[in-house]
Structure formats: structure tokens, C-alpha cells
Amino acid sequence: MSLCCFHLTYRIAEPLEYHRSFLKENCRPDGRELSEFRTTTLNIGSISTADGSALVKIGNTTIICGIKAELANPTADAPGKGYIVPNVDLPPLCSSRFRPGPPGEQAQAASQFIADVIERCDQHVTTLCLCWVLYCDIMCLDYDGNILDACIIALLAALKNTQLPEVTVNKETCSPEVNLEKRQRLHIHKHPASASFCVFDDSILIVDPTAEEESLSTAHLTVVTDEEGRLCSVHKPGGSSLSREKLQDCINRATARQREIHKLIDKVLDSVKTAK
């Protein structure tokens, strides 16, 4: 048996032991260090029919986000604010682990997580007595772990790409009139970004896990911070506990990751403006 076949057989037969053999050397099967993110690429304005859009790749994980804006009446509990409605879709085309039909548990949890981040960052859009509702459809095209980070990047980039039409009120009819020829960019108040981690054997912490690493880990953790280094959210759905020191390490890494993502989005936006 060749060495390549041996490694493949070992990985299939004993996946946890296979990963442990790398982790004890402070590396991972794909060659990354434990605290190293996969290559992140971003394309903005990918969907011409949307008001804003973005496509993100973190390693093989691929997420696309399209935004459509509609005018509506504000809600009674927030009369001066519009709202953002995120929806995460994990279709069968992105991975064999997902089935056709209504959104599964993981998709619903991801949608709720993003909605919570938006609420904590207090993002809203208004115009006159009406408000804008931004429907954000976030679809996974290729699932290889860490979709929360990719979803947050895709949503933020798509929001920064969004251009809303000018709205005025007709003095005679008192009804709103939308001018699709005049548009202005959406003002983004906060720029959150997340960093996701997995724990192996209740003690070894790795960043940006693949789908295989997620399935073998004993805990998941996602930390969201904004551009001022403030902690927006810590999402840990059960699993083994983390020490205070390890949690602080995660927060520090998430803060650094936010700066990296902010620079990436601004760089791509600048290149799009230059191309036009």
C-alpha cells in the first residue's frame, strides 16, 4: 500500500486519531497552524438584479448574499427605524449533509445568530414617515465549515454595496415617490466581523474550522467584535467549557480578524469604484 493510500485509509477509518496526530505537532491536515485562517476572498456586486450583493469564499466555503429593499411602515415598537431581515439557506447543492425541504436546524440557527448580531449593532434605515426593509438572502454554495464567519462577511459587504433609490413625498397625493435613477449608498453604522473556533479534546483550540474539524470537535465558539474593538456577541452552543484565558485569546483573535476583514471589504469596494 502506498503512503498516500495509507493516509487516506487512516483518515477514513480513524478520523479523530488522524487529526490528533497533526494537532500534537501544532498543525492541521491542510497545513495550517492552529490559529491560522484559510484564504478569504471577496467579490462585491455579484448579482446585478439585487440592490446590493457580495460573494465570499473562506477556503472552500462559499457564501453569496443578495439584498432587496422595500418600503414599509415602521413597526409599533420602533417607529423611527427600518429593519433588516436575514435568511440563511443551506441547500443540498452545497453539501450532502443537507436535505431538500424547509430550512433545517442549522440554517435556522444561523439566521437567528445573524439577526441577533444586527440587533446588537442597531443597524436600521429610514426615509420620511416610511422605512426601508432590507431582505437579505444568504445562500451557501459550498459548505466546508465556518459558515457563520462567511455569512457575516457576505452580509456586511453586501450592505456596504447597497444603493437605495431616492424617495420623496408627492405634495398633492401625499404618497411616496421612488426615483430609481437617483440612488445613494446605505450608511453603515457598525462594521461587525466574527471569528469562529473549535475545541478538540476539551483543550486544543483551533480557528476557522473545516466541516470535518467541526464534526470531530467537542465545542464550537463564535466571537463577534466591531471596528472599535467592542464585544458584540459570544455564541457558544453547548459543548466543553473554556477557561477564561482561552476565551480572552478568542476575543483578541476576533478583534484582529475584524480589522483584517474591514480592510479587505474597503479594498474591494475601492477597486469596484475605480473600475467604474
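The values are calculated or read from the model by the stated rules, or taken from the named source; none is laboratory data. Just so it is clear, the model here is predicted, and its values are computed rather than measured. Here Cβ is always computed from backbone atoms with ideal geometry, including for glycine, and neighbour counts include all displayed protein chains. Calculation scope for accessible area: heavy atoms of the full protein, side chains included, ligands and nucleic acids excluded. Shrake-Rupley method; radii C 1.70, N 1.55, O 1.52, S 1.80 Å.
Could you tell me which of the residues Lys246, Lys263 is touching a Leu at 6+ places or on another chain (Cβ under 6 Å) and in a helix (DSSP H, G or I)? Spell out how you get there, then give the answer.
Numbers: Lys263 fails: touching a Leu at 6+ places or on another chain (Cβ under 6 Å).
Only one candidate passes the filter, namely Lys246.
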Query - Count - residues of segment 205-214 that are assigned to a strand (DSSP E or B) and under 14 Å from Pro29 (Cβ atoms) - result: 1
Query raised in the report: Here is a list of conditions, (1) within 15 Å of Asp149 (Cα to Cα); (2) open to solvent by 20 Å² or more (accessible area, probe 1.4 Å), and Ile261 meets all of them except one; can you say which number that is?
Result: (2)
Report summary line: Scanning segment 10-45 residue by residue, the ones that are under 22 Å from Leu159 (Cα atoms) and open to solvent by less than 50 Å² (accessible area, probe 1.4 Å) total 4
Report summary line: Just one listed residue, out of Leu242, Leu269, is surrounded by 19 or more Cβ atoms within 10 Å (Cβ to Cβ) and over 21 Å from Ile118 (Cα atoms), and it is Leu242
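Scan segment 216-226 for residues that are more than 16 Å from Ala109 (Cβ to Cβ) and either open to solvent by less than 20 Å² (accessible area, probe 1.4 Å) or assigned to a helix (DSSP H, G or I) (or both) and report the count. It would help to see each step written out before you state the result.
First, the residues of segment 216-226 that are more than 16 Å from Ala109 (Cβ to Cβ): 216-218, 223, 225-226.
Those left that are additionally either open to solvent by less than 20 Å² (accessible area, probe 1.4 Å) or assigned to a helix (DSSP H, G or I) (or both): 216, 223, 225-226.
Qualifying residue count, segment 216-226: 4.
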Query - So Val117, is it within 21 Å of Ala157 (Cα to Cα), modelled with pLDDT under 95 and touching a Phe, Trp or Tyr at 6+ places or on another chain (Cβ under 6 Å) - result: no
**Report entry** Residue list for segment 121-177, restricted to those being charged (D, E, K, R) and either over 16 Å from Cys65 (Cβ atoms) or at pLDDT below 80 (or both)
**Finding:** Asp122, Asp144, Glu166, Lys171, Glu172, Glu177
Report summary line: The number of residues in segment 54-66 that are farther than 19 Å from Ser196 by Cβ and either charged (D, E, K, R) or buried (at least 24 other Cβ atoms within 10 Å of the Cβ) (or both) is 0
Requested in this report: Can you give me the number of residues within segment 19-57 that are under 16 Å from Asn146 (Cα atoms) and among the hydroxyl-bearing types (Ser, Thr, Tyr)?
Outcome: 4
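Take segment 49-93 and flag every residue that is among the polar types (S, T, N, Q) and either modelled with pLDDT of 90 or more or under 18 Å from the mean Cα position of the chain (by Cα) (or both).
At the first step, the residues of segment 49-93 found to be among the polar types (S, T, N, Q) are 49, 53, 60-62, 73, 75, 87.
The answer is Thr49, Ser53, Asn60, Thr61, Thr62, Asn87.
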